[in-house]
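Notes follow once the structure below has been shown.
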């Protein structure tokens, strides 16, 4: 399993402890250091290979933003902060996610999964169908292979993964899941459904069929859905 070497940087002891506890629960996060300021983090970055920073913004001596400005070839970053006004700076530095304190484990897991997907650039693994995410369900983290997903169904504040093997329920909105799934492999066809493109068997009116099910296509989305599903794969007379 691919590991992400991560570094936690926060001047608040309770925040550091909380983030470290969350990271320890996630199998693919390998904690290489927990730092109370940017100077400690800089020392570790010089000595070790780090993939991901969980970085606070408001810190003494050197803020998280100033730290990034002075760090050449900085690792991927997830901001962890109590201040929403810095969100625009996240776009400037192309950070993976922006977590507002207090941070729930579900939100932390979502950000970690997103980091794993974005940093997993091994095309060989992708071609072998080895891409995956972790889903929290029934108080445990379940590894879910993307190649096994038929479609994802949203039902208010929770979702159901319909896979080739089973159904898995998770307490998270559908909109938060879509950004974890590759848009090369998945497409949202309706406010309540995301489907695996290669599992779609046919398009019938305003519906698609897959896995023996008929799923609705939103009228608003239909043109885009049909174009993306049939792009370069439509044989015309």
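The values are calculated or read from the model by the stated rules, or taken from the named source; none is laboratory data. In this text, all values refer to a predicted model and were calculated from it rather than measured experimentally. No Cβ is skipped: glycine too gets one built from the backbone with ideal geometry, and neighbour counts run over all protein chains shown.
In region 1-48, what residues are touching a strand residue (DSSP E or B) at 6+ places or on another chain (Cβ under 6 Å), surrounded by fewer than 17 Cβ atoms within 10 Å (Cβ to Cβ) and over 18 Å from residue 108 (Cα atoms)?
Correct list: 44, 48.
Determine which member of the set 62, 150 is at pLDDT 90 or above and in the same structural domain as residue 168 (by TED's automatic domain parsing).
Within the list 62, 150, the selection yields 150.
Please state which of the following conditions residue 181 fails to meet, knowing it meets all the rest: (1) within 15 Å of residue 228 (Cα to Cα); (2) within 15 Å of the chain's Cα centre (by Cα); (3) buried (at least 19 other Cβ atoms within 10 Å of the Cβ).
(1)
Please determine whether any residue of region 150-165 is surrounded by 15 or more Cβ atoms within 10 Å (Cβ to Cβ), within 16 Å of the chain's Cα centre (by Cα) and not in a strand (DSSP E or B).
The answer is no; no qualifying residue exists.
Condition first: surrounded by fewer than 19 Cβ atoms within 10 Å (Cβ to Cβ) and at pLDDT 80 or above. Now tell me which residues in region 184-196 satisfy that.
185, 191, 192
Does residue 172 qualify as being at pLDDT 80 or above and assigned to a loop (DSSP other than H, G, I, E, B)?
In short, yes.
Suppose we filter 114, 143 for residues that are assigned to a strand (DSSP E or B) and either farther than 22 Å from residue 162 by Cβ or modelled with pLDDT of 85 or more (or both); which single one remains?
Selected residue: 143, the only one of 114, 143 that is assigned to a strand (DSSP E or B) and either farther than 22 Å from residue 162 by Cβ or modelled with pLDDT of 85 or more (or both).
Of everything in region 197-226, what is in a loop (DSSP other than H, G, I, E, B) and surrounded by fewer than 19 Cβ atoms within 10 Å (Cβ to Cβ)? Give them in sequence order.
201, 205, 206, 211, 212, 218, 219, 220, 221
Take region 70-101 and flag every residue that is modelled with pLDDT of 90 or more and part of a loop (DSSP other than H, G, I, E, B).
Listed by number, the residues that qualify are 75, 96, 101.
Please find, within region 36-57, the residue that is nearest to the chain's Cα centre (by Cα) out of those that are over 13 Å from residue 76 (Cβ atoms) and in contact (Cβ under 8 Å) with a residue 40 or more places away in the chain.
Per the stated criteria, the residue is 56.
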